Amino acid sequence: MAMTGRIKFSLEDARHIGDMIGVDWSQVDIEQFRIGLAVELEHGARDPATDVTHDDPLLTGKIALAHLKELPDYYTRLTAMEAEAEGQPKPVTKILVIYASMFGHTKVLAEAIAEGAGAVADTMVVLESVDDVEPDELEVADGIIWGSSGIFGEPNPKMATFFSKLGRLWVHGSLQGKVGGVFATTSTPHYGLENILRALQTPMQHHGMIIVTNAGPNTPDRIAYGCPYGAGAAIPVESDRSAPMNRPREEEMELARQFGARVAQVARRLKTGR
């Protein structure tokens, strides 16, 4: 099964090779392993004197696995050191913001979160409706922030359906160790906002994710509109269908921006070690 000349691996390739050498995916990040396969194969291709695998994918995988057992983020650190030595741009942190919006209100709050995350240096933000997200997209994100409007104190049906699609990721431990955060909207302050946020956190706990809270300095705005579980907004129902859509308060939008930035900062620190 020689792979002469090949220096790229898909996630499927990485999983197949890892399964063949007995990788425990609950202990090894598949994206780190995928990068490791490419790096180790490339090292051998550069100099025949250091080519110890001769393009054998299993030997290449074992070398990558050995490094990751010593340092779980070995290849992220290696990439950062090489970029710094060569004066190249720093590694980019990818944040995926997913919203389940029934009438547009939750999308507005998601946009504020994405804006805040995007303000963090070397961060790429992808903002998507839950209707359009494929589970595989979550595997390559460094941080995931998902949110939903509420139905009787629970996430809306769109988000519930999305969660039901993540079974394969849970089986393979694909989201373990990834950074996560949540956000929610309701029509009144007493319509279950905190319950929705906690319900949105539960799947992240099942997936082994690192949940970032929305804590911060006890400013008047945070005391009045903040919530430690995630970003939130109480948006009144419009008087009739022809009325302009109501939006979150600016205080809620600003707290959402701060939350997005906080999640991105934590994800970047874990990715780069800085």
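A few remarks follow.
- Taking residues in the range 151-171 that are on the phi > 0 side of the Ramachandran plot, and partners anywhere that are surrounded by 15 or more Cβ atoms within 10 Å (Cβ to Cβ) and not in a loop (DSSP other than H, G, I, E, B), the pairs with Cβ atoms closer than 7 Å and at least 6 places apart or on different chains are G153/N195; G153/I196.
- Flag for A66 being small (G, A, S) and at pLDDT 85 or above: yes
- Answer residue from the range 152-171, given it is in a loop (DSSP other than H, G, I, E, B) and in contact with a helix residue (DSSP H, G or I) (Cβ under 8 Å, 6 or more places away or on another chain) and is surrounded by the fewest Cβ atoms within 10 Å (Cβ to Cβ) among those: K165
- Criterion applied to R241, R222 was being of a type in the set (K, R), in contact (Cβ under 8 Å) with a residue 24 or more places away in the chain and surrounded by fewer than 20 Cβ atoms within 10 Å (Cβ to Cβ), and the one residue passing it is R222.
- Qualifying strands (runs of 3 or more DSSP E) (wholly inside the range 76-151; at least 3 residues being in contact with a strand residue (DSSP E or B) (Cβ under 9 Å, 6 or more places away or on another chain) and buried (at least 21 other Cβ atoms within 10 Å of the Cβ)): 93-100, 143-151
- Exactly one residue out of R249, R168, R241, R268 is farther than 15 Å from W146 by Cα, among the basic types (K, R) and in contact with a Lys or Arg (Cβ under 9 Å, 6 or more places away or on another chain): that is R268.
- Matching residues in the range 174-222 - criterion: being closer than 16 Å to G143 by Cβ, touching a helix residue (DSSP H, G or I) at 6+ places or on another chain (Cβ under 6 Å) and of a type in the set (S, T, Y): S174
- Complete set of residues in the range 181-198 that are surrounded by fewer than 21 Cβ atoms within 10 Å (Cβ to Cβ) and touching an Asp or Glu at 6+ places or on another chain (Cβ under 8 Å): G192, N195
- With respect to the conditions (1) touching a Phe, Trp or Tyr at 6+ places or on another chain (Cβ under 9 Å); (2) at pLDDT 95 or above, K178 falls short on a single one, namely (1).
- Single unsatisfied condition, N214 versus (1) in contact with a strand residue (DSSP E or B) (Cβ under 9 Å, 6 or more places away or on another chain); (2) in a helix (DSSP H, G or I): (2)
- Odd one out for R222 among (1) at pLDDT below 95; (2) among the charged types (D, E, K, R); (3) farther than 23 Å from R262 by Cβ; (4) part of a helix (DSSP H, G or I): (3)
- For S174, the conditions (1) in a loop (DSSP other than H, G, I, E, B); (2) of a type in the set (G, A, S); (3) surrounded by fewer than 17 Cβ atoms within 10 Å (Cβ to Cβ) are fulfilled apart from (3).
The values are calculated or read from the model by the stated rules, or taken from the named source; none is laboratory data. Worth saying up front: this structure is predicted, and the values here are computed from it rather than measured. For neighbour counting, all protein chains shown are included, and Cβ atoms are generated from backbone atoms with ideal geometry for every residue, glycine included.
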